[in-house]
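The values are calculated or read from the model by the stated rules, or taken from the named source; none is laboratory data. All values derive from a computational prediction rather than experimental measurement. Using ideal geometry, Cβ is built from the backbone for each residue, glycine included, and neighbour counts are taken over all protein chains shown.
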């Protein structure tokens, strides 16, 4: 086995500065490739949305690729590609972010784009309208996948009050009803320097980069972000269940347990517990799904997949600002009743609650997690992502202590976390039970909400 | 043994005495190494009555060897945080993993044992078969897969190596047994069909020595080739609709056969595809279908120039109400491209992008390893990365226009739509 010393990345040399307008800037020089990556993060995500406006954060993200005062609509295409670059963005529950990675000589261009995006986007009414159907298409494409659909329904049942309950893509009726003013006012409210973090990583000089940041961003006025008070999710009083009966070929089982947020002392014990149950994933939302976890010796893989009950099992624990969900997702093999799959997985979870994990399992999980932290830092884009991601949900300084936090987890802490977090009153169980294709009749084609979906919520018991 | 080194990526390419090719490249981004082993054992080598055999083998080859149980393999990999990803495409079966530098030697030993001495235990075959049947049934319920597989079956014929379902059918998988897996392994796996790429924070000489220690003693005959008929382009347009009324969105797969990778027109086709359906957000197709008309979340094209002419495929995911309009837009874009060719500005932009994106492509160990495998498979030479800029720069507007004229013919397109749509698409 490798010596752990070699698995420890070089000390982070992050230059941190806050402009007078409140923009937080994080710069890290990395001279491994002639590239630079810029990410601009906003503390706004679907948890900031109110009823009637679900999906607005994500729609705003789409609109922020459609031209600005100084980047005409027809000049958007190619603006970063001419530097061999790539750009993208994503929206989730706590955050909206934009990224460009290109050759290092594109740094000024990237900073210009992000400064424009912060304050000068156009929101042409025709563009808003045409993007409505693009987003509805994105929603419907997601709903073609039973597992995505089950995830969305399970989350909505697991939370009854906290806005984490609604999907980031939004509910269909809101996407049909929202208008340009809704989008633009939301944009103006949250896209201000004091609500943003700008991250630059790559083959650059930090002083020169900082001068570029000042040149492009210093003139942008700070704004007042009126953040509403979020409802705290009340204590869950009993297990919740839902069953989707929908035409399909395959059955899926999903368990969602209320999870600790990043700042909760239980987070790292839960991360180790997940590694024991389903294999270590690391903590990079942007990179981790690209490499499957090492999981063949993980408890649930052996209990479910190796015994032929499931064709796949995966665990999901992502660092979030507020308590979200730890999900366990399984695909039943053809012919395996969901009740049987559920019985076996719950027995396994009960076993870890009762007996905890062994020292060997703890060591393996810690080593796996440390290796994943190395693997997920394989590009400037991924490194820059992590700085911005953690700063947006808590603080980038979490990254400095990740290794220590993981290594200091004890078997007793893991067992205590399992006892507390994996109890039945903390979970929601979702079934996707396929009914034979053709047995329900034609769908309207207007998305799952209008299609032959029956969602039975049995409520708490 | 031959050793060659060049500038640019400058990988060290070594042919071991038994014929195995080892390509090593040092990169110091992280204290990790990516190992990418590729064998000429893709789905085109499936016997006609056993479609899905190569894929079945990819899911069972690492489930036990003469000296290691499946549990031992799992433990040895997992405790090092290593996940071995096996995958199969038309021509190649790959085993890829990333490990910490100090784990390289033991990982190569395990990998060598897996590919040289698999035993395919009966109980593993039974379990993996059930998994594969489940995967096939998931595919059957996925409009994107149904559209793409239907398109390839229409384009090449359902029994052609490029037209068959890569995972086979429930029926074919049911009859794949241990004997079939062992025969396929004996026929396709040997040092002569292996190319092993090692990229990471390790000196090439140490990487090559580790590879030699693991694979150097392997003796097995070189695998044979397989006859792949070249499919003539269809004379007329073919349209197939697969209604999936339980779905929310329809997937369109539309396209043609293209060219061989070895064709001297490859670089003109590469540029054509970039302009048509890649550049920025999906090239001209994305600009029309997504950006201007708001009809789809995705619309793009992809080019698979391969051992024989592979497909040029256009994909879009659209609301059922927009299927006809989206396909008509694809027709219009192709006709216009074939008639007028690219603009000078488009030529310049796409060249600049493709050349400029090379450092990004070659930033990570995994990216470099995949690039070097492609280079090796198509015999492009270890200096290919430094030749790409000149190869692309030399292409003229007329050459791209000619590629478009030759290929983008809506009247001879093959179109498959899968989703909640039963309309009269033509």
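Below, the figures for the structure above:
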item: Breaking point among (1) at the interface with chain A (Cβ under 9 Å from one of its Cβ atoms); (2) not in a helix (DSSP H, G or I), for residue B:316; result: (1)
item: Number of the exception - residue A:327 against (1) within 14 Å of chain B (Cβ to nearest Cβ); (2) outside any helix (DSSP H, G or I); (3) buried (at least 21 other Cβ atoms within 10 Å of the Cβ); result: (1)
item: Residue selected from the range B:354-365 under the condition part of a helix (DSSP H, G or I) and in contact (Cβ under 8 Å) with a residue 60 or more places away in the chain, by the criterion nearest to the other protein chains (Cβ to nearest Cβ); result: B:365
item: Number of the condition not met by residue B:19 [criteria: (1) surrounded by fewer than 20 Cβ atoms within 10 Å (Cβ to Cβ); (2) in a loop (DSSP other than H, G, I, E, B); (3) at pLDDT 95 or above; (4) within 14 Å of another protein chain (Cβ to nearest Cβ)]; result: (4)
item: Any hit, the range B:386-399, residues being in contact with a strand residue (DSSP E or B) (Cβ under 9 Å, 6 or more places away or on another chain) and either modelled with pLDDT of 95 or more or part of a loop (DSSP other than H, G, I, E, B) (or both); result: no
item: The range A:410-425, residues that are in a helix (DSSP H, G or I) and closer than 14 Å to residue A:260 by Cα; result: A:413, A:414, A:416, A:417, A:418, A:419, A:420, A:421
item: Hey, residue A:56 touching a strand residue (DSSP E or B) at 6+ places or on another chain (Cβ under 7 Å) and at pLDDT 95 or above or not; result: no
item: Residues located in the range A:60-111, provided they are closer than 21 Å to residue A:201 by Cβ, within 27 Å of the chain's Cα centre (by Cα), part of a helix (DSSP H, G or I) and touching a residue at least 12 places away in the same chain (Cβ under 8 Å); result: A:107, A:110, A:111
item: Condition met for residue B:330 (touching a helix residue (DSSP H, G or I) at 6+ places or on another chain (Cβ under 8 Å), within 14 Å of chain A (Cβ to nearest Cβ) and either free of Cβ contacts under 8 Å to residues at least 24 places away in the same chain or within 23 Å of residue A:76 (Cβ to Cβ) (or both)); result: no
item: Test set (1) surrounded by fewer than 20 Cβ atoms within 10 Å (Cβ to Cβ); (2) closer than 19 Å to residue B:261 by Cβ; (3) within 14 Å of another protein chain (Cβ to nearest Cβ) - residue B:381 fails condition number; result: (3)
item: Counted residues, the range B:187-201 - those being part of a loop (DSSP other than H, G, I, E, B) and crowded, with 22+ Cβ neighbours inside 10 Å; result: 2
item: Residue check for residue A:388: at pLDDT 95 or above, under 25 Å from the mean Cα position of the chain (by Cα) and assigned by TED's automatic domain parsing to the domain that holds residue A:249; result: yes
item: Criterion: modelled with pLDDT of 95 or more and at the interface with chain B (Cβ under 10 Å from one of its Cβ atoms) - qualifying residue of A:102, A:115; result: A:102
item: Which numbered condition residue B:368 misses (of (1) under 28 Å from residue B:98 (Cβ atoms); (2) more than 13 Å from chain A (Cβ to nearest Cβ); (3) buried (at least 17 other Cβ atoms within 10 Å of the Cβ); (4) touching a strand residue (DSSP E or B) at 6+ places or on another chain (Cβ under 8 Å)); result: (2)
item: Residue A:386 part of a helix (DSSP H, G or I), more than 29 Å from residue B:64 (Cα to Cα) and in contact (Cβ under 8 Å) with a residue 40 or more places away in the chain; result: yes
item: Options A:185, A:245, A:173; residue that is within 30 Å of residue B:245 (Cβ to Cβ), out of contact with any helix residue (DSSP H, G or I) (no Cβ under 8 Å at 6 or more places or on another chain) and away from every other protein chain (no Cβ under 14 Å); result: A:173
item: Residues satisfying the stated conditions in the range A:267-313, i.e. without any contact (Cβ under 8 Å) to a residue 12 or more places away in the chain and away from every other protein chain (no Cβ under 11 Å); result: A:289
item: Elements of type helices (runs of 4 or more DSSP H) in the range B:95-186, at least 3 residues being surrounded by fewer than 19 Cβ atoms within 10 Å (Cβ to Cβ) and within 14 Å of another protein chain (Cβ to nearest Cβ); result: B:104-116, B:122-140, B:170-175
item: Single residue of B:245, B:347 found to be assigned to a loop (DSSP other than H, G, I, E, B), within 13 Å of chain A (Cβ to nearest Cβ) and farther than 20 Å from residue B:410 by Cα; result: B:245
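Each row is one residue, and each column tells you yes or no for (1) part of a strand (DSSP E or B); (2) more than 14 Å from chain A (Cβ to nearest Cβ).
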position: B:263; (1), (2): no, yes
position: B:270; (1), (2): no, yes
position: B:273; (1), (2): no, yes
position: B:284; (1), (2): no, no
position: B:288; (1), (2): no, no
position: B:298; (1), (2): yes, no
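Yes/no per residue for (1) in contact with a strand residue (DSSP E or B) (Cβ under 7 Å, 6 or more places away or on another chain); (2) buried (at least 20 other Cβ atoms within 10 Å of the Cβ); (3) in the same structural domain as residue A:368 (by TED's automatic domain parsing):
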| site | (1), (2), (3) |
| --- | --- |
| A:265 | no, no, yes |
| A:269 | no, yes, yes |
| A:277 | yes, yes, yes |
| A:280 | no, yes, yes |
| A:293 | no, yes, yes |
| A:305 | yes, yes, yes |
| A:313 | yes, yes, yes |
| A:319 | no, yes, yes |
